[in-house]
Amino acid sequence: MRLSKGFFPTVKEVPSDAVIPSHQLMIRAGLMRQLAAGVFSFLPVGYAVMKKVMQIIREEMDAIGGQEFHLPALNPIELWEETDRVKAFGDIMFHVKNRAMVLAPTHEEVITSIAKNHVKSYKEMPQIWYQIQTKFRNEPRPKSGVLRGRQFTMKDSYSMDSSWQGLDKSYDLHAEAYKRIYTRCGLTFHIVGASSGAMGGSGSQEFMVESNAGEDNLAVCTETGYAANVEIASSLVPNAERFAVSEPIQEVHTPNCKSIDEVATYLKMPTNRCAKSLIFMNDKQPVLVLMLGNDQLNESKLQSVFGQDIRPAQADELLQLTGADAGSIGPVGVENKFTVVADLRLENANGLISGANKNDYHILNLDLQRDVKVQSYHDFRMVEEGEPTADGKGTLRIVKGIEVGHIFKLGTKYSVAMKANFLDEQGKENPVIMGSYGIGVERIVACHIEQHHDEFGIKWQKSIAPYDVHLICVNMNSDTVKKKSEELYAELRSRGIAVLFDDRADASAGFKFKDADLLGMPLHVIVGEKNLKNNEIELKDRNSNKRWTVSVDAIVGEVVKFVKE
RNA sequence: CGGGAAGUAGCUCAGCCCGGCUAGAGCGCUUGGUUUGGGACCAAGAAGUCGCAGGUUCGAAUCCUGUCUUCCCGACCA
């Protein structure tokens, strides 16, 4: 493509709305333009990259036996009522106003409806069905360009198996395919254990790109290879002590002591003798959660025990239920009102300090075996930077990550809800065992730029670059330079190389170089008078920014070698 | 949904506090000329309902009210 003829709307200024590098560069290099919050138009260069990424995805999905579908984004709302997900998605799902339809945020229901009608026997499984399609989600706050949008492209696939072992196999095939996809797209990533959230199911992993622009926090350890979303991460931290003698319970005045630190300082006790009480509402049932000292409660872990609907109690509810405000709440004397649960670090501990359910009073010598009926102990704790890994062999680092893929073992949640059953070898009816696997296509593009750019622009890796080579004719007004450039353009194209040719007569050399750096093709071929006099042409590797010259005779071979290797 | 910021030419912004000639700059764009190895130069030119609606005023980009949009922080996020 000739730059003089094509649509390459590059901009010099940093767009005022864009904050992160990938967003700025996707606008500046003319990959896309914003139409509304979280909604983007992809322009030819941007779409060229999208197509490359989608092609890699298709190849790897096909390689594990995937079959490509194209499912409707417009769905009847009744379909979503079958699985009760109209409610589960709530305001996230777009509803069509003038017909009882919704815009699909994902496709489990459509897939399951097809499976229900057509997959009737164990002999017909396993199946892997996938599509690359536009998804719609009414995100409350779109942000970071394409990273959190209201309309985006997703590769979603679904596996159907007749056994749980089969599901494991389909899941593992996807995990391996995903590793190949991200690697081929030039991304370095973590695979982390994740919470399956409202998707349900028995297990899930996320593919995460480490980036300050990320919205998720990950606990990773380079020594042991441990990596988990902090939503589920655990670490090795000692439990609270159990003393041989359990002193009698005692109420003490603790004026103006709200936080654990204030209480501990006032009472001259270490914070790890304090049991912090947090109140949640599980529907109408209040739940009191005990945490040790300054440990932060991990609400995802709480949800995995009590379900998605549990929420923090409001201040007026606290007062009404306990007679005290936050900071003075404790587990003693409220057992008949509350379900009391505690973090594992507090298991059977004694000699603890807790709130007395009376403002400005705390209780000493609390014994969780003696004084409180703790219904159960769970890991509720948020891990922190620098803690040892659960096996004690490494140290956790907390980093931010962008989720570029998520794989779930769904199990039978959808097949049971929608009665997608099959007959097994014994002629017995069973629900299909499913998995669901997603990849955000735009996120791959944005993450690639986050990982491959400099102050001047993008540095496309060869696998997904929109063009292989950026050919720059430094001066179109010089006949020799122009002639050589045109020859090269024709010759390289005849060798099957995708060439972007800067043949603009009215742009200065500097202007062309800046545009080339911004657009970021892997190899720049620079034809100018200076080098042509010595029968040479200059090359620049955009990744390393190294330049070198090659004789005119050898240039085509050199370029072909660079592109193909 | 809570908190903050911003909407003025295609882009980046000034002007607004303290109302007053014909609303500005740089970049980009058009025409002509000179340039051509790191976002050139000269000359001429086109380009705006100052987000929208209402109000105050002799007079509003500027003050007031409402509203829409966008961005940032938080909440939320299968």
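Among the residues of region A:417-439, how many are within 16 Å of RNA strand B (Cβ to nearest atom) and either surrounded by fewer than 16 Cβ atoms within 10 Å (Cβ to Cβ) or under 28 Å from the mean Cα position of the chain (by Cα) (or both)? Give the steps one after another, and end with the answer.
Within region A:417-439, the first condition is being within 16 Å of RNA strand B (Cβ to nearest atom), and the residues that meet it are A:417-418, A:434-439.
Restricting the remaining residues to those that are either surrounded by fewer than 16 Cβ atoms within 10 Å (Cβ to Cβ) or under 28 Å from the mean Cα position of the chain (by Cα) (or both) gives A:417, A:434-439.
Residues flagged as within 16 Å of RNA strand B (Cβ to nearest atom) and either surrounded by fewer than 16 Cβ atoms within 10 Å (Cβ to Cβ) or under 28 Å from the mean Cα position of the chain (by Cα) (or both) within region A:417-439 amount to 7.
For region A:542-559, which residues satisfy the criterion of being under 22 Å from residue A:481 (Cβ atoms) and open to solvent by 30 Å² or more (accessible area, probe 1.4 Å)?
Narrowing region A:542-559 to residues under 22 Å from residue A:481 (Cβ atoms): A:542, A:547-559.
Answer for region A:542-559, where residues must be under 22 Å from residue A:481 (Cβ atoms) and open to solvent by 30 Å² or more (accessible area, probe 1.4 Å): A:547, A:548, A:549, A:551, A:553, A:554, A:557, A:558.
Sort out which residues of region A:263-315 are of a type in the set (Ser, Thr, Tyr) and at pLDDT 85 or above, and write them in order of number.
Across region A:263-315, the qualifying residues are A:265, A:266, A:271, A:277, A:300.
Being acidic (Asp, Glu) and more than 19 Å from residue A:521 (Cβ to Cβ) is the filter; apply it to region A:472-502 and report the residue that is nearest to RNA strand B (Cβ to nearest atom). Working first, answer last.
If we filter region A:472-502 for residues that are acidic (Asp, Glu), which is where we start, we get A:479, A:486-487, A:491, A:502.
If we keep only those that are more than 19 Å from residue A:521 (Cβ to Cβ) too, we end up with A:479, A:487.
Working: A:479: 12, A:487: 16 Å.
Among those that are acidic (Asp, Glu) and more than 19 Å from residue A:521 (Cβ to Cβ), it is A:479.
All but one of (1) under 28 Å from residue A:220 (Cβ atoms); (2) in a strand (DSSP E or B) hold for residue A:393, so report the exception by its number.
(2)
I'm checking my understanding of the structure. Among residues of region A:468-504 that are assigned to a loop (DSSP other than H, G, I, E, B) and over 18 Å from residue A:538 (Cα atoms), which one is nearest to the chain's Cα centre (by Cα)?
Selected residue: A:498.
If I go through region A:510-535 residue by residue, how many of them are among the acidic types (Asp, Glu) and surrounded by fewer than 19 Cβ atoms within 10 Å (Cβ to Cβ)?
Step one: of region A:510-535, the residues among the acidic types (Asp, Glu) are A:515, A:517, A:529.
Checking the rest, the ones that are also surrounded by fewer than 19 Cβ atoms within 10 Å (Cβ to Cβ) come to A:529.
So the count comes out to 1.
Looking only at region A:310-338, which residues are over 21 Å from residue A:259 (Cβ atoms) and touching a residue at least 60 places away in the same chain (Cβ under 8 Å)?
none
Give me the residue from region A:77-114 that is more than 15 Å from RNA strand B (Cβ to nearest atom) and touching a strand residue (DSSP E or B) at 6+ places or on another chain (Cβ under 6 Å) and, out of that set, nearest to residue A:141 (Cα to Cα).
Checking each candidate, the answer is A:95.
May I ask you to list pairs of residues, at least six apart or on different chains, whose Cβ atoms are under 9 Å apart, with the first in region A:496-525 being assigned by TED's automatic domain parsing to the domain that holds residue A:542 and the second being of a type in the set (Gly, Ala, Ser) and within 6 Å of RNA strand B (Cβ to nearest atom)?
Cβ pairs passing all conditions: A:509/A:528.
Answer yes or no as to whether residue A:445 is away from RNA strand B (no atom under 12 Å from the Cβ), touching a residue at least 24 places away in the same chain (Cβ under 8 Å) and outside any loop (DSSP other than H, G, I, E, B).
On the way: away from RNA strand B (no atom under 12 Å from the Cβ): yes; touching a residue at least 24 places away in the same chain (Cβ under 8 Å): yes; outside any loop (DSSP other than H, G, I, E, B): yes.
When the stated conditions are applied, residue A:445 passes them.
Of the conditions (1) among the hydrophobic types (A, V, I, L, M, F, W, C); (2) touching a Ser or Thr at 6+ places or on another chain (Cβ under 9 Å); (3) away from RNA strand B (no atom under 16 Å from the Cβ), residue A:220 satisfies every one except a single condition; which number is it?
It fails just one condition, (2).
Which strands (runs of 3 or more DSSP E) does region A:1-112 wholly contain that include 2 or more residues that are over 30 Å from residue A:212 (Cβ atoms), without any contact (Cβ under 8 Å) to a residue 60 or more places away in the chain and open to solvent by 20 Å² or more (accessible area, probe 1.4 Å)? Give the derivation first.
Values: elements: A:32-36, A:39-42, A:74-76, A:101-103.
Qualifying strands (runs of 3 or more DSSP E): A:74-76, A:101-103.
The values are calculated or read from the model by the stated rules, or taken from the named source; none is laboratory data. Just so it is clear, the model here is predicted, and its values are computed rather than measured. FYI the Cβ positions are ideal-geometry reconstructions off the backbone, even for glycines, and counts take in every protein chain you see. We work out accessible area using only protein heavy atoms, side chains counted, and drop any ligands, DNA or RNA first. Shrake-Rupley method; radii C 1.70, N 1.55, O 1.52, S 1.80 Å.
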